[in-house]
Structure formats: C-alpha cells, structure tokens
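S.K.: Before anything else, here's the structure in question.
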Amino acid sequence: MAESGWLGHAVRMGCFDYRRSVRAIREDTGRLILMASGVVLPTLLLAGLTALFVPELRGTDPEFSINRVVRGTLTMLWVFGVFMLAQRTTTAHSKPIADTFVLTTVSPRTAVIGGIVAESLRALTYALPVGLLLAIAGTYAFSSPLTLLAVPLVGSLYVASAVTAGRVLGYIAAWLVATVPFVARHKGVLGGTVVMLFFGGYFIFQVPQLPISVSPATLGVIPIGWLADLLAVGTPIGWSSTHATGGVAAVGVAIIGGGWLAERIAASLWFGEPVNVSDTDESTVSTHTRGDQRALTRAISPLSVPVVTGSTRSVAEWSLLRARREPQRLNFLLIPVFGGGSALVNMMLQGSGSLTILGPAVAVLLGWIAGAAFGLNPFGDEGAVLPATLTAVSGRAFVRGLIAPSLLFAPVVAVVTLVSALVGVTDYYRR
C-alpha cells in the first residue's frame, strides 16, 4: 500500500534523479558534447528546412487534413520510442538507485512513478529544441497562438505515455529473466531475436515498395496517433475533434493504467526471489578449469581470441562475454544500420540507385557494427571498478583488448563486402 502523499514524494524523487543525471552529464565533457551534437545537428537541419518553407505557408489556406497516414506515422514513432525506452528500463533502470534504501523508505508505487517522472524529464529535455522550433514555426506560419499551447501539451502527453509503456515492457522483460529459468538461461539469444524481429517489422513499414510492406496508415486506428489532430487545433489544417478527444483519453489510460501495471510488476521483480541458472555447483570462481582451460575461454566458446595473450586477451574475452550476455546493450547500434538499409533499399526500388553502391554501404554498416559493438562505453561498463581495472591492467593492454574482438570479425566484414562489391560490379557491366 502506498504511503500518504506518495505522488508528491514521487515527483520529488523524479526531479532529484533528473537533476542528478544533468549533473553527471555536465561533469563529463565528452559525453556532453556527443549528446549535444545528437540534439543540435538535427535541430539545425530542421531549422534550415523551416526557414525555407514556413514563409511560403504564411497567410495561405493549405488544403490538407490530418488523415490515417499522419496518425499512423505518429503511432509508429511512438512504438519505436516505447521499444527503446523498454530497453533502457531493462538494462539501466530495472531497479531504483540505492534500491535497498529507497524500498525501505517509500512504497514501490512512489519508486516506479518517480522513475517515470525522471525518465520523462530526460526525454523532454532531448526533445525540447525540436518542440520549441515546431511551436514557433507553427504559430508563425498559421498565425495561431494556440499552437504554442498545443505542441507542449501533445509533446508532454506523448513522451509520458511512451515512457510509461516502456517501463511496463522493460519491467516485464526483467521479471521474466529473474523468474523464468529458460528465459534467464537463454536471455542473450531471446533478446537478440526480439530485437531483430522488431527492427524487421519496423523495416516493413519503412519501405512501401516491397511486396510485403505495410502502410503506416494501418496503424492509424490506434488512438495514440490521434494526438496528431490535437496539434492542428487553431490552424487551417483539417482535424477531427473526435479523434483529438480519443487521443487524449487513450494517452490518459496508458499513463494511469500503465503506471498501475508497472507498479505491480516492479514489486514482484524487486521483492521476488530470482532463479538460479548456474550451470555449475562450484562455489568459487577460478580462472583455470580441468585441463588448464581458462574459464573465460570456456565462457565465450565457440569464439576464441587468437594472437593476443596475457591481460590483453583477458580484456578481449571479457568484452566478448559481456556482448553475448547482454546483447540488448547493442540495440542502439542497429538504428543507423536499419536507417541506412531502408534508405538504400528505397533508392534501389525507386531506380535512383544501383547495386554498385551495395559494396560501400555494406562496408560502412558492417564496419560500424564490428567496430563499435565490443568497445561500446567501456568506461561506463566498468563503472566504479574502473580504477581497480586500470591498476591491474595497463592502459595499453586495456585499449588493445577492446579493439581485439572487433578485429576478429574483420575477415567476415571483408568477405561480405567483397561479395557485395562483386555483385554490384557485375550488375554495372550487365547494364
């Protein structure tokens, strides 16, 4: 049962966690520059497009209305956001920070809602520049002051509902890993399968020229996308009051119902007894096993790290093991791969591109995966034990160990690139 005044406690917890995140990013200059670039560059691109086209719209009466395609596209973006937020919940936020203290001080409801508030504030911070630009551009183009209110309202509801749904799915995934032996034992394979299925399905919506493609209008029946109608309030763009009301109601149900469900699942996850799927009964961990075979070598089998030895090999093997046990950490690497892949397929299907670009594209995309997968965020992965790691292992060995796993996949990337390039050259000479 929640304590008295739990909502106020949750809001304060969320705000405190948000401020803590902001301080951590501000103190890390490299991370701040990377995150700022990811926000500023798209905003500048959108600002350039706005400066070109918005003056042309001012004073006009556009013959356009919010239809199923627009609503379906908004829904599709919401689904993508939910999936990525669910991944964040599973990997980084499955338990509250200082969970022993938090869960003996406040109720699970307070902890869950506080986490949702914090994550919503973080997401809104990323979206703030784009949202502000859209609000100003819409107000200027259509001379509608209501747009200044509609954009922040829709953005807040949109983000809060996505964060809540992401928390529910993330808690469910973490609960399955903690309580179901089969899922816990094969979480790497299952996680990778889920990711590939999701991005594969998302790809079908991205390329309408494919025979098996699905139009985004199919998702227009989902009420979450009806928030698009609320954005058009006060503008000459045609919108439906019924759809706008339904969208707000659906988001309200998603936030309230999702918060209630997230609390139930999180309480079972946090206070339940996790299963033990250890394949060995040995109580101690040894770096050597029978036949003098190293434990790390057995753990990453059938893969192996040739050539390098000593501490460099240990770091490389540990990077491989981490990537195999937690493949969900690498999901963000697939975003540019599927984005670039869908653009490439679109160009080929529309006749504006040929198979000659297949080789370079494969080299870039596969090289990106192989190069970034195993050395992704090494300082964050080591966390608090990084000083001990760099004390026990030299900095040179640590860096070389992070590079070595990527080099293992260099032959695979080279062969696939060569085959793709040959296919492109053959197609060129046939023409």
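S.K.: If amide H atoms are built 1.01 Å from N in the plane of the peptide, which residues on other chains or at least 5 residues away come under 5 Å of the amide H of Gly238?
M.R.: Close amide H contacts, sequence-distant or interchain: Phe64, Ser65, Ile66.
S.K.: Expressed as a whole percentage, what fraction of the accessible surface of the stretch 14-171 belongs to carbon and sulfur atoms when a 1.4 Å probe is rolled over the protein heavy atoms?
M.R.: Values: 5990 of 8350 Å².
The nonpolar share, carbon plus sulfur, comes to 72 percent.
S.K.: Can you compute 3J(HN,Hα) from phi for each residue in the stretch 186-201, using the Karplus curve 6.51 cos²θ - 1.76 cosθ + 1.60 with θ = phi - 60°, rounded to whole Hz and x for Gly and Pro?
M.R.: Those phi angles translate into 10, 5, x, 5, 5, x, x, 5, 4, 4, 5, 5, 5, 5, x, x Hz.
S.K.: Let me ask you something else. At 1.4 Å probe radius, can you tell me the per residue accessible area of the chain in Å²? It would help to have the intermediate numbers written out before the result.
M.R.: Working: 24180 Å² over 431 residues.
Per residue, the chain has 56 Å² of solvent-accessible surface.
S.K.: Starting from 0.36 nm per residue, how many nanometres of slack lie between Ser301 and Ser143 once their C-alpha separation is accounted for? Intermediate values should be presented prior to the final figure.
M.R.: Working: separation 158, 0.36 × 158 = 56.88 nm, distance 6.44 nm.
The span from Ser301 to Ser143 would gain 50.4 nm if fully extended.
S.K.: Right, here's the next one. Dipole magnitude of the chain about its Cα centre, charges +1 at Lys/Arg Cβ and -1 at Asp/Glu Cβ only, in debye to the nearest 20? Spell out each step's value before the answer.
M.R.: Working: 29 positive and 21 negative charges, 111 e Å.
Taking the Cα centre of the chain as origin, the dipole is about 540 debye.
S.K.: Given a 1.4 Å probe and heavy atoms of the protein chains only, how would you sort Phe398, Phe53, Phe205, largest accessible area at the top? Intermediate results must be reported in sequence, preceding the final value.
M.R.: Details: Phe398 10, Phe53 125, Phe205 45 Å².
Correct descending sequence by accessible area is Phe53, Phe205, Phe398.
S.K.: While we're looking at this one, here's another question. Heavy-atom accessible area of Phe198 with all protein chains present, probe 1.4 Å, nearest 10 Å²?
M.R.: That residue has around 40 Å² of solvent-accessible surface.
S.K.: Sticking with this structure for a sec: For the residue pair Ala414 and Val130, what label-to-label distance in nm results when each label sits 7 Å from Cα along the Cα-to-beta-carbon direction?
M.R.: It works out to 4.0 nm between the two label points.
S.K.: For Leu77 and Ala184 in the same chain, what is the full-extension length gain: residue separation times 0.36 nm, less their Cα-Cα distance, in nm?
M.R.: Computed gain between Leu77 and Ala184 is 35.5 nm.
S.K.: Based on the inverse mean of 1/r over its pairs of different Cα atoms, what is the Kirkwood hydrodynamic radius of the stretch 25-92, in Å?
M.R.: On the way: mean 1/r = 0.0634 Å⁻¹.
For the stretch 25-92, the Kirkwood estimate is 15.8 Å.
S.K.: Cα centroid distance between the stretch 20-54 and the stretch 137-215, in Å?
M.R.: Rounded to whole Å, the Cα centres lie 21 Å apart.
S.K.: Quick one: if you stick a label point 7 Å off each Cα along the C-beta vector at Leu45 and Val364, how many nm between them?
M.R.: So the label points at Leu45 and Val364 sit 1.2 nm apart.
S.K.: Could I ask something else about it? Taking every pair of Cα atoms in the stretch 13-142, average 1/r, invert it to obtain the Kirkwood radius, and report Rg/Rh to two decimals.
M.R.: Working: Rg = 19.2 Å, Rh = 17.8 Å.
Ratio of gyration radius to Kirkwood radius: 1.08.
S.K.: Compare Ser107, Ser156 by solvent-accessible area with a 1.4 Å probe and give them largest first, with all protein chains kept in place. Mind dumping the intermediate values first?
M.R.: Working: Ser107 10, Ser156 55 Å².
Accessible-area ranking of Ser107, Ser156, largest first: Ser156, Ser107.
S.K.: Let me ask another. Find out how many positive minus negative residues lie around Pro108, taking Lys and Arg as positive, Asp and Glu as negative, among other residues whose Cβ is under 14 Å from that of Pro108. Show your work: numbers first, answer last.
M.R.: Details: positive: Lys95, Arg109, Arg167, Arg264; negative: Glu3, Asp99, Glu263.
Within the 14 Å Cβ shell, the charges total +1.
S.K.: Label 7 Å along Cα→Cβ of Tyr202; the stretch 62-106 residues with amide nitrogen under 12 Å?
M.R.: 76-88
S.K.: Would you list Thr100, Thr91, Thr43 from the most to the least accessible area, probe 1.4 Å?
M.R.: Values: Thr100 105, Thr91 65, Thr43 25 Å².
Sorted by accessible area, descending: Thr100, Thr91, Thr43.
S.K.: In square angstrom, rounded to the nearest 10, how much accessible surface does Trp239 have for a 1.4 Å probe?
M.R.: Around 100 Å² of this residue is reachable by solvent.
S.K.: I'd like to know which of Ala363, Val308, Ser161 lies farthest towards the positive end of the charge dipole of the chain, counting +1 on Cβ of Lys and Arg and -1 on Cβ of Asp and Glu.
M.R.: Val308
S.K.: Label points 7 Å out from Cα along the Cβ direction at Ala392 and Ile212: separation in nm?
M.R.: Using points 7 Å along Cα→Cβ, the separation is 4.6 nm.
S.K.: While we're on this one: Quick check on the chain: helices-only [θ] at 222 nm, where DSSP H runs of length 4 and up contribute -39,500 (n - 2.57) each and the sum goes over total residues. Nearest 500, please. Intermediate results must be reported in sequence, preceding the final value.
M.R.: Details: 18 runs with 310 residues, N = 431.
Only helices count here, giving -24000 deg cm²/dmol.
S.K.: Just subtract the alpha-carbon distance of Leu7 and Ala24 from 0.36 nm times their residue separation and send over the number in nm, one decimal.
M.R.: Numbers: separation 17, 0.36 × 17 = 6.12 nm, distance 2.57 nm.
Result for the pair: 3.6 nm of gain on full extension.
S.K.: Same structure again: If R0 is 45 Å, what FRET efficiency do you get for Asp99 and Thr60 from their C-beta distance, rounded to 0.05?
M.R.: It comes out at approximately 0.20.
S.K.: Follow-up. I'd like the accessible area for Glu273, computed on protein heavy atoms only with a 1.4 Å probe and all protein chains in place. Round to 10 Å², please.
M.R.: Approximately 150 Å² for this residue.
S.K.: If you don't mind, another one. Report the Rg/Rh value for the chain, based on alpha-carbon coordinates and the Kirkwood definition of Rh.
M.R.: That ratio equals 1.00.
S.K.: If we sort 181-190, 72-81 on the protection proxy, mean other Cβ atoms within 10 Å, highest first, what's the order? Show your work: numbers first, answer last.
M.R.: On the way: 181-190: 14.6, 72-81: 19.9.
Taking the mean over residues of other Cβ atoms within 10 Å, the ranking is 72-81, 181-190.
The values are calculated or read from the model by the stated rules, or taken from the named source; none is laboratory data. Everything quoted here is computed from the prediction, not taken from an experiment. Cβ atoms come from the backbone with ideal geometry, glycine included; neighbour counts cover every protein chain shown. Heavy atoms of the whole protein, side chains included, go into the accessibility calculation; ligands, DNA and RNA do not. Shrake-Rupley method; radii C 1.70, N 1.55, O 1.52, S 1.80 Å.
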